[in-house]
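One structure is given here, and the rest of the page talks about it.
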Amino acid sequence: MAAHTVIAISELHPNFSHPKVVGIIIGKTDVKSFPDRKNASVDRFTFGFTIKDSPDFFINVTAWGNDRYITGLTNSFSIGDCVTIENALISTKDPEKGDRFSPATPSHYRLLVTEAHSLVSLCADMDTTDRLLPLIHLPVKDSTDFYPLGDIVANGQKLDGSVINILAAVKLIGETKQFTTSDGRKGQRLEVKLFDDSVSSFPLVCWDREAIQLMQTLIPKETLLFIADAKISFDSFRSSMVATVNSRSIITVNPDTKEASLLFSYAKEVSESGALDQDETPEDVPVESITDVYTVRQLKQKAQENPEVFFGITFSFISKLDLDSSVSKVIRTRCSRCKFLVSVDMLSCTNQLCPGRDQVFSTTTGFDLLVDLSDHTGTLQACYLRSPVAEKTLGCTTEEFISLTDDERTAMKWRLLLERCKIYVKILPSTKIKTGVRGTILACSLAHPGEVKQHMSALLQH
């Protein structure tokens, strides 16, 4: 077989010599080391990856070599890259050995790459790359073969130890936790929260560095995952089921399937409504217990350094307050149970995750404003000012506001704009707005001159 001829994965056979294969990487594992069987004082290094060259065919590749070669090779490409593999050894899969820890593939064979004989390089042909790139969005399993999160929860411990497929949206990406095992090995752990139209939050755990790096590139509430062969287990600590990415798992980001398209539409709607944030947001603390004072810049800095919710006081100006917009943008109606945005004439909540879907539908109507807070250090944009705090701040009820003329609403706006206020805020890091910080006003009143003077003196001392 000529060295320059590219062989399709579906046509590979051990009889081929000097095979050349091109594919897109759809999965990749971490580097591991083992003592050499011939020389126990020397370690051999290995890692695996999976390539795909057509909608239906993909194959596992294992690379072996010394530390320098394997480290250089694994750093040379990532999931989603297109690679050319030349002169790999084609061998028959052995389900009793290493292949049982690798992703299931339709091929009867696997490829073995070594430094002495093989060459792996990024694909330089743009036409080939353009043909292969769409394959990254095609799941490796039947697009209808997955468990909804609600079914996993409902089955509970019956699924403990099972390996299943999952289609879900990314809700939240946690922090990567580093640790050292008792025998000195370093490890890492990342937990991702998933959701679909049946469950609002479900944990997915990643231990593998390659999987963690993939997860860290995703945008919460805008990304869907089809996870082939995730392991399901019962977590006794939290008394609930957990999914784990393992060496057999293949994660397809934003799968190009009808099922994913339907879920994406739902995820977009529920995300924009704010309903997803309800169960992840800690309860507000009493205003009188909040004592820490911040400038706007300090609020932003702390939110960037610490992903946890925190509370504080800022002496700021309200620099944006759209009271003279249409009433529908100032006063909104939400489901009283899940806070999903609804219209006044609805007979039921349209949020499929609403805990009160089987109960009598009830709504609350109140002020629902986004305001900007500014001081000499900067501006905190798009802070929530909602009822009942808004009523106290504006000095009127929603009924009274509706009866005001346009001129009266504009006058109310200018009574508050550019007045120094003492504002109690809850700060929550957010991916939904460009500042990366979402603020909620818990209390707002005109600042007493003495308080402002004391505050400014404290800032000058720091």
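With every protein chain present, what is the per residue accessible area of the chain (1.4 Å probe, Å²)?
That works out to 52 Å² per residue.
How much of the calculated P(r) for the stretch 181-242 lies past 20 Å, in percent of all Cα pairs?
It works out to 35 percent of all Cα pairs.
Tally Lys and Arg at +1 and Asp and Glu at -1 over the other residues with C-beta under 10 Å from the C-beta of Phe310: what net charge comes out?
In short, 0.
Rg to Rh ratio, the stretch 194-327, alpha-carbon atoms and Kirkwood radius?
Dividing the radius of gyration by the Kirkwood radius yields 1.05.
Ignoring ligands, DNA and RNA, please state the percent of accessible area on the stretch 293-373 from carbon and sulfur, probe 1.4 Å.
Roughly 47 percent, rounded to a whole number.
Once you have the alpha carbon radius of gyration of the chain, what is it after dividing by 2.2 N^0.38 Å, with N set to its residue count?
1.23
Write out the cysteines belonging to the chain for which the nearest other cysteine Cβ is not under 4.7 Å, or none if no such cysteine exists.
Cys206, Cys383, Cys396, Cys421, Cys444
Leaving out ligands, DNA and RNA, what percent of the accessible area of the stretch 50-97 is carbon and sulfur, probe 1.4 Å?
Accessible surface attributable to carbon and sulfur in the stretch 50-97 totals 52 percent.
First check a/c for the stretch 61-180, with a ≥ b ≥ c the square roots of the eigenvalues of its C-alpha gyration tensor; if it is under 1.5, answer rounded, and if not, answer prolate when a/b is larger than b/c or oblate otherwise.
prolate
Take the solvent-accessible surface of the protein heavy atoms, probe 1.4 Å, and return the percent of it on the stretch 181-277 that carbon and sulfur atoms account for.
The value for the stretch 181-277 is 50 percent carbon and sulfur by accessible area.
The values are calculated or read from the model by the stated rules, or taken from the named source; none is laboratory data. This one's a predicted model, so the numbers in the text were calculated from it and none came from an experiment. In this analysis, Cβ positions are derived from the backbone assuming ideal geometry, glycine residues included, and neighbour counts consider all displayed protein chains. Protein only, heavy atoms only, side chains kept; ligands, DNA and RNA dropped before computing areas. Shrake-Rupley method; radii C 1.70, N 1.55, O 1.52, S 1.80 Å.
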